[in-house]
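These notes concern the structure reproduced below.
The values are calculated or read from the model by the stated rules, or taken from the named source; none is laboratory data. Not measured: the values here are computed from a predicted model. Every residue, glycine as well, gets a Cβ built from its backbone with ideal geometry; the counts of neighbours run over all protein chains shown.
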Amino acid sequence: MSRPFVVAVVACLLSTAAVARAGEPAAPAPAPEANPLAALAPLAGSCFMGTFADGKTRDFICYEWVFGGKFLRSRHRVIGGAGPYSGETLISWDAASGMFAFDYYNSAGGIVRGRFTAVAGGFDFPSEKVQMQGAPAELRSTWRWTERGYHAASEKLTDAGWVPFMAIDFVRSGPASDWTEED
């Protein structure tokens, strides 16, 4: 797998299911007892912008309920990267595992499936084995609420243990109706 694809996968993991405190009321969500996805309600109806460490590349992501609140959809695109890149995620509740599940499809033709759990202040994604520049690697991610949005961070497992790999602060940028297919 090429480095750009791995960065895109990490961008997906960083932008897929983060929790935020919206500055405006979120779209109506199902009652928690009717749908465990209600825990994601603060994202619904909002868009967020995050800037990569290079200070130039940005990730724009919008969330909305689909299919009567049974799924949360996120659409994102990377702006200012090496080339066009975008993706779409459907987030669901997996009652059998008691975890959230996601299916992510991207413009490079990739598909990423995973699970995550709710924790105090955000969400945790368990470690995932990936290929980075032809070598196996293991990554894990966390999402934590901030005053203006959420902080998404990934770590990589090395011989010395888990080390920071990538982090993005996502700031609420407007309503989900701001989504367009273009930059």
**OP:** Evaluate region 78-101: report whether one residue or more is among the charged types (D, E, K, R), over 19 Å from Met166 (Cα atoms) and outside any strand (DSSP E or B).
**Re:** no
Original post:
When region 172-183 is examined, which residues are found to be under 16 Å from Val78 (Cβ atoms) and at pLDDT 90 or above?
Top reply: Ser173
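Conditions tested, residue by residue: (1) modelled with pLDDT of 95 or more; (2) buried (at least 21 other Cβ atoms within 10 Å of the Cβ); (3) over 26 Å from Glu147 (Cα atoms); (4) under 15 Å from the mean Cα position of the chain (by Cα).
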{"residue": "Cys47", "(1), (2), (3), (4)": "yes, yes, no, yes"}
{"residue": "Pro84", "(1), (2), (3), (4)": "no, no, yes, no"}
{"residue": "Ser97", "(1), (2), (3), (4)": "no, no, yes, no"}
{"residue": "Tyr105", "(1), (2), (3), (4)": "no, no, yes, yes"}
{"residue": "Val112", "(1), (2), (3), (4)": "no, no, yes, yes"}
{"residue": "Val119", "(1), (2), (3), (4)": "no, no, no, no"}
Original post:
Quick check: is even one residue across region 132-141 in contact with a helix residue (DSSP H, G or I) (Cβ under 6 Å, 6 or more places away or on another chain) and assigned to a loop (DSSP other than H, G, I, E, B)?
Top reply: yes
Original post:
In region 124-142, which residues are among the hydrophobic types (A, V, I, L, M, F, W, C) and either surrounded by fewer than 13 Cβ atoms within 10 Å (Cβ to Cβ) or modelled with pLDDT under 90 (or both)?
Top reply: Val130, Met132, Ala135, Ala137
Original post:
Which pairs have Cβ atoms under 7 Å, sit 6 or more apart or on different chains, and link a residue in region 165-182 that is over 16 Å from Arg148 (Cα atoms) to one that is of a type in the set (Lys, Arg)?
Top reply: Phe165/Lys156; Trp179/Arg75
**OP:** Would you check if Gly69 is on the phi > 0 side of the Ramachandran plot and out of contact with any Asp or Glu (no Cβ under 6 Å at 6 or more places or on another chain)?
**Re:** yes
